[in-house]
Every structure is written in structure tokens, then in C-alpha cells.
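**Q** Supplied in C-alpha cells, the structure appears directly below.
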Amino acid sequence: MHHNKHIQKMQPRIKPKPSNLQNTKYRTSIGDRFQNYLGLHAHALFSSLGRLLKTPFTSMITIIVLAITISLATGFYVLLINVEQFSDKLESSHYISLFLKHDINDADGLKLAEQIQKSAAVKTVKLVTKTTALEEFKHFSGIGESLNILDKNPLPTVIQVLPTNIFEDSVEVQQLIDALGRLDEVELVQMDMRWVQRLQSIVDLAKRGVFLLSIVLSLAVLFIMGNTIRLELENRRDEVLIAKLVGATYAFIQRPFLYTGFWFGGFAGLSAWIIVSLILLGLQEPIEHLSLLYDGKFTVLFLSVSESLILLFVASILGVTGAWIVLHYQLRQMTLE
Amino acid sequence: MLIFDKVTKNYQNTGDVLQNISFQMLRGEMAFLTGHSGAGKSTLLKLIAIMEYCTRGQVLLNGRNLNHAKEHHIPYIRRKLGLIFQDYKLLQDRTVFDNVALPLIISGYGNQEVKRRVRASLDKVGLLGKEKKYPFSLSGGEQQRVGIARAVVNKPSLIIADEPTGSLDPELSSEVMHLFEQFQQVGVTVLIATHDINLINRLGYRVLTLDHGQLVVS
């Protein structure tokens, strides 16, 4: 709006002699202007893509450098969500194990289990009777046959208790453990809390590490992009200067370069996605083989659709931003000599 | 429409390039700006195109003080000017059509209007039919006419030419000058920097002579 006012000011105050060089006959409506404006954007969008494809080799190098940088951050992120999943899957180690006294039979054990289940601090309860425990032991220990020589089942009844707030409230969990330990039927309470908590804090630490690393890598993307645009600007110096001289605004001059940043960022994001997915595909088989050796609960997590879209979005935005920063400083310094 | 009022331009390393320059140009006037090389011709033109600001005094264009032109106003002021250069300043990788269309596209004109105006402009300089050629395939005189077509396509009220015939032989030079006369006749103000004394004398327009940064004859 400012500009229109300004243009009016620029109109000569004295009516000029009629001439075919004066612009009076043709006026453009606001609708037309908007359409022309969209046209300019569309043109910038596709011409910048065209330029990118015109020099496929140099474009490719830049895109690969950007893609590797982005895939580092993305790769660490994927690693993290997989480790997190792993720690969630290790639910069995979140259980408090209650080893009952020898004289407690399976029926009494069941009663006790039902009683414990009622507590608000308890999420689920699993009863492992003497019989099942023996069978499992036979099955997994590999010394099943030799156990037959025992005339009495030496294993105790075990109740496994999963606390409600295992990570959120360690005081409550500790209280639960103490309370369970005071029960008459209980011989021994065991929980490898510390291992779980350690894993959790390692994951938390890694999360922060990945976050900070992502910031550094984003900065790298901005600088790589900025440098690419700086070179591009230098290559097209004449064009920029001539456009400036015939009345182009900074917005007009910047537009194709910003779209160049958009394309570079977008392609780099897409390539990073491909790199990360290929690495995961390569790891999938050995990981799942390894997982089989444990409980077989672990499957490799890939980037979800929304995560992939966010990756593309962030990469494009980084491209545009990197371009913009350089343009903001460089364009104003470009003069004819 | 163009007023220089006690204008001085000082550069830190070279001192005063222009000293206390005052003159006026009326609408539809044509004038030559001349002087030895380094007399300050280019600097004077740069002040009009706001490629430089003057140190003291003021430059008024259509009543607007260019000293006070903010950075974001400059493009809109330049759209009212037609700038012509000795080295043509054409985009070598664009066709003649695209070169001439540039100011119109920058100003946000639609396709139809751009086509119409570019053709009209090229017709005026006698290059209709060469729209699809590239500048490097044209002669010097033709390239300068493309430059002129680009300068007038936006229908400016003031044309500024810096040594427009500097790289052309006498015959082509008079052709180009003849074009300027045609624009002047339809009400455009034309200021031409040149040291081609023969041309100046033959055409007999007003002459502004610069000597070591000072205006000698006005």
C-alpha cells in the first residue's frame, strides 16, 4: 500500500503534453495484479528448479553434502526412538519380583496376588506358580533332564508386580517395595530398578545430546546453503545488478534465490530420508535376528509418515533460511563497480 | 522536472568530484552532459539514478528530494527512469524479448501487456522481428537499440544515457541520437553524457559542460 501512495507522489504534478509515452490508457486491476504476482512466484519456483537441473553435477554435490548433514541428525533421532522402544519393551525388568516362602502353596499365592492387585500403586500382577516356574526353568536352562532327579520342586512361588508409575515416581515405587517386603508370605523382594533407571537416564541424556547435535547440524546446513547461494549470487551478478538498475525490489531479486534454497533443502531432506531408510533396511535383518535371541519383541522402527513430512519441511525451511540470511547481507552490498 | 541545487559530491579518497552544481531541466528537454574523462559526468548521472547520494545540496526529481529517498523507495523511483549505458548492460543469456521485458515483469505487468509493450518498444527502435535473438548475435548498434528499447518500455519521463554512442561508429551514433530526438519530441526529458563533440555541435541542443567537477556553461 505504501508503494502505491509513493507512486502517486511520483506522478508529475503538471499535466504533461499528450504523448504516446505516457501511461494512462492501461490500468491493471487488483485481481490481475494478484494473478501476475502469483505468476511471478510460479515462474521463480520453476525457473530456479530449471537452473538446479541445468548444472546437475554441482547441484548434486551440494545436495549430497546437505543430505549427509541432515541424515546425521535424523539418524541419531531414529536410533534414539529405537532405543526408547527397546527400553519400553523391557517391561519384564520393570517388575518387582516377590519370592514367596516355601510353605506357601500356589492357591495361597493366587490369593495374595489378587490382594496385591487391589493397590493403586500396582498396575498388573503376574503369578508364576511353582509348577510353571519349574517347567520354564527346565525349558530354558538346558539342564531339564537332570532336574528329574530332584524329588521335590525346589522353586518358590513368584508374584511379579508391575508398579503404576515406574518412571515418574520412584518414591512411590520404593514405598511399594517396602510394603511388599513386610508381607508375611514374602521371603524376598527383588527389583532391578537401578538398571531400568540407568537406561532411562541414558535415554534422556541421549535425547538432549541429539537435540543439541541437531542444532549444530542445522547451523551447518544454514552455512552450506548460504555459501551455495553466495556463489550463485556471484555467478548471476550481472543479472542482479541490471535488475536493480531497472527498478527491481529486493523481494523481486531475492525470490528465485529463495526458491533455489527451497529446492536444495527439499531435495536434501528427501535424500537424507533415503539415506536413513537404507541404513535402517541394512540393519533390520541383523537386529531382528538379535531380537529373536531375546524375546523377539523388538522390531526396527522407521520414520513415520508425519516424521518424514516434518523432515522434508524442516529441511526446506533451513534451505530457504540459509539463502535468506546471505541474500539479506549480500544483496545490499552489490553495486555496479 | 530535474533540479540540481548546489550539489556537491565528495569521496573520501578523491575529494570533491562535483562542486556546487546547479541546473534545471524542463519536461521534454534534451541536453548533453560533457567534459573530460573524470570530470564527474558519471557521478552526476549516478546521483539521478540514486546509485549515490550527494554530500551537500539537493537533487530533485519530479519535485522529490532524492536525498531523502529511502532504500525501499529507490526501485519505484528507478522505474520512472530509463537508464542507458555505454556497455548496454544486456543479459547475454536472455533473448532480446526477455531483456526488454525485464522492467515490465519487475513492475508486475501481465503477460499480454508485457508482449504488447515489448513489441511496441522494439518496433520503435527498429528491431521488431529480432525478439528471439540473443544479444551476442547482434551488432553493437543493435545491442544499444535493445538497451534503449528496455529503457523506454516502462514509459519513463526521464531518460539518462551514459556515453550511449561510446562504442559505436559515427553512422550508428547518429541513428541512436535520432532515436533520442524522437523520444524528446513526445515529451520525454533526455540527458545524454557524451564527449562526442561533433555530435553535440551538429545537433545543437543545450550543453552542460563539467570541468573538474564544476559546471562551466549552462
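The values are calculated or read from the model by the stated rules, or taken from the named source; none is laboratory data. All figures in this text were calculated on a predicted structure; none of them were measured in a lab. FYI the Cβ positions are ideal-geometry reconstructions off the backbone, even for glycines, and counts take in every protein chain you see. The accessibility values were calculated without ligands, DNA or RNA, using every heavy atom of the protein model including side chains. Shrake-Rupley method; radii C 1.70, N 1.55, O 1.52, S 1.80 Å.
**Q** Test of understanding: among B:Ser139, B:Ser157, which residue is small (Gly, Ala, Ser) and surrounded by 18 or more Cβ atoms within 10 Å (Cβ to Cβ)?
**A** Details: B:Ser139 fails: surrounded by 18 or more Cβ atoms within 10 Å (Cβ to Cβ).
Just a single option satisfies the conditions, and that option is B:Ser157.
**Q** Of B:Tyr134, B:Tyr88, which residue is out of contact with any Leu (no Cβ under 7 Å at 6 or more places or on another chain) and buried (at least 19 other Cβ atoms within 10 Å of the Cβ)?
**A** Working: B:Tyr134 fails: buried (at least 19 other Cβ atoms within 10 Å of the Cβ).
Just one listed residue meets the conditions, B:Tyr88.
**Q** Hey, another quick one. For region B:21-39, does any single residue satisfy the condition of being at pLDDT below 90, crowded, with 21+ Cβ neighbours inside 10 Å and more than 12 Å from chain A (Cβ to nearest Cβ)? Reasoning before the result, please.
**A** Within region B:21-39, the first condition is being at pLDDT below 90, and the residues that meet it are B:35-39.
From what is left, the residues that are crowded, with 21+ Cβ neighbours inside 10 Å are B:35, B:39.
If we keep only those that are more than 12 Å from chain A (Cβ to nearest Cβ) as well, we get B:35, B:39.
The answer is yes; a qualifying residue exists.
**Q** Pull out all pairs, ordered by first then second residue, where Cβ-Cβ is under 7 Å, the residues are six or more apart or on different chains, the first lies in region A:303-316 and is without any contact (Cβ under 8 Å) to a residue 40 or more places away in the chain, and the second is part of a helix (DSSP H, G or I).
**A** Correct list of pairs: A:Ser308/A:Trp273.
**Q** Is it the case, given these coordinates, that B:Arg64 is open to solvent by 40 Å² or more (accessible area, probe 1.4 Å) and of a type outside the set (Val, Ile, Thr)? Walk me through it before giving the result.
**A** Numbers: open to solvent by 40 Å² or more (accessible area, probe 1.4 Å): no; of a type outside the set (Val, Ile, Thr): yes.
In short, no.
**Q** Taking the residues in region A:158-190 that are within 13 Å of A:Tyr95 (Cα to Cα) and at pLDDT below 75 as candidates, determine which candidate is most open to solvent (accessible area, probe 1.4 Å). Show your work before the answer.
**A** Filtering region A:158-190 down to residues within 13 Å of A:Tyr95 (Cα to Cα) leaves A:158-167, A:173-174, A:176-177, A:180, A:189-190.
From what's left, at pLDDT below 75: A:165-167.
Details: A:Asn165: 49, A:Ile166: 17, A:Phe167: 77 Å².
Looking at residues that are within 13 Å of A:Tyr95 (Cα to Cα) and at pLDDT below 75, I get A:Phe167.
**Q** Can B:Val146 be described as hydrophobic (A, V, I, L, M, F, W, C), over 27 Å from B:His36 (Cβ atoms) and under 16 Å from the mean Cα position of the chain (by Cα)? Working first, answer last.
**A** On the way: hydrophobic (A, V, I, L, M, F, W, C): yes; over 27 Å from B:His36 (Cβ atoms): yes; under 16 Å from the mean Cα position of the chain (by Cα): yes.
The answer is yes for B:Val146.
**Q** For region A:18-31, state whether one or more residues are modelled with pLDDT of 75 or more, among the hydrophobic types (A, V, I, L, M, F, W, C) and touching a Lys or Arg at 6+ places or on another chain (Cβ under 6 Å).
**A** Initially, region A:18-31 is screened for residues modelled with pLDDT of 75 or more, giving A:29-31.
Subsequent filtering for residues that are among the hydrophobic types (A, V, I, L, M, F, W, C) retains A:30.
If we keep only those that are touching a Lys or Arg at 6+ places or on another chain (Cβ under 6 Å) too, we end up with none.
No, there is no match, as no residue in region A:18-31 is modelled with pLDDT of 75 or more, among the hydrophobic types (A, V, I, L, M, F, W, C) and touching a Lys or Arg at 6+ places or on another chain (Cβ under 6 Å).
**Q** Taking helices (runs of 4 or more DSSP H) that fall entirely within region B:48-136, which contain at least 3 residues that are over 17 Å from the mean Cα position of the chain (by Cα), within 12 Å of chain A (Cβ to nearest Cβ) and free of Cβ contacts under 8 Å to residues at least 40 places away in the same chain? First the steps, then the outcome.
**A** Details: elements: B:74-78, B:96-106, B:111-124.
Passing ranges, in order: B:96-106, B:111-124.
**Q** Moving to a separate point now. Across region A:242-301, which residue is least open to solvent (accessible area, probe 1.4 Å) among those that are within 30 Å of B:Arg150 (Cβ to Cβ) and polar (S, T, N, Q)?
**A** Here the answer is A:Thr260.
**Q** Within region A:243-302, can you find the residues that are more than 14 Å from chain B (Cβ to nearest Cβ) and of a type in the set (S, T, N, Q)? Break it down into steps so the answer makes sense when it comes.
**A** Step one: list which residues in region A:243-302 are more than 14 Å from chain B (Cβ to nearest Cβ), which gives A:257-302.
Listed by number, the residues that qualify are A:Thr260, A:Ser271, A:Ser277, A:Gln284, A:Ser291, A:Thr299.
**Q** Please work out if B:Arg78 is of a type in the set (D, E, K, R), over 20 Å from B:Leu179 (Cβ atoms) and open to solvent by less than 40 Å² (accessible area, probe 1.4 Å). Lay out the reasoning, then the answer.
**A** On the way: of a type in the set (D, E, K, R): yes; over 20 Å from B:Leu179 (Cβ atoms): yes; open to solvent by less than 40 Å² (accessible area, probe 1.4 Å): yes.
Answer is yes for this residue.
**Q** Hey, another quick one. Residues in region B:95-118 that are of a type in the set (Phe, Trp, Tyr) and surrounded by fewer than 16 Cβ atoms within 10 Å (Cβ to Cβ): how many?
**A** So the count comes out to 0.
The rows are residues; the columns are (1) exposed (fewer than 14 other Cβ atoms within 10 Å of the Cβ); (2) polar (S, T, N, Q); (3) in the same structural domain as A:Thr157 (by TED's automatic domain parsing); (4) in contact with a His (Cβ under 8 Å, 6 or more places away or on another chain).
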residue: A:Phe46; (1), (2), (3), (4): yes, no, no, no
residue: A:Ile61; (1), (2), (3), (4): yes, no, no, no
residue: A:Thr74; (1), (2), (3), (4): no, yes, no, no
residue: A:Tyr77; (1), (2), (3), (4): no, no, no, no
residue: A:Ile104; (1), (2), (3), (4): no, no, yes, no
residue: A:Leu112; (1), (2), (3), (4): no, no, yes, no
residue: A:Lys118; (1), (2), (3), (4): yes, no, yes, no
residue: A:Thr124; (1), (2), (3), (4): yes, yes, yes, no
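**Q** Scan region A:280-296 and give yes if some residue there is assigned to a helix (DSSP H, G or I) and closer than 14 Å to A:Tyr77 by Cα, otherwise no. Give the steps one after another, and end with the answer.
**A** As a first pass, look at region A:280-296 and keep what is assigned to a helix (DSSP H, G or I): A:280-293.
Of the ones still in play, those that are also closer than 14 Å to A:Tyr77 by Cα are A:280.
Within region A:280-296 (the criterion being assigned to a helix (DSSP H, G or I) and closer than 14 Å to A:Tyr77 by Cα), the answer is yes, since at least one residue qualifies.
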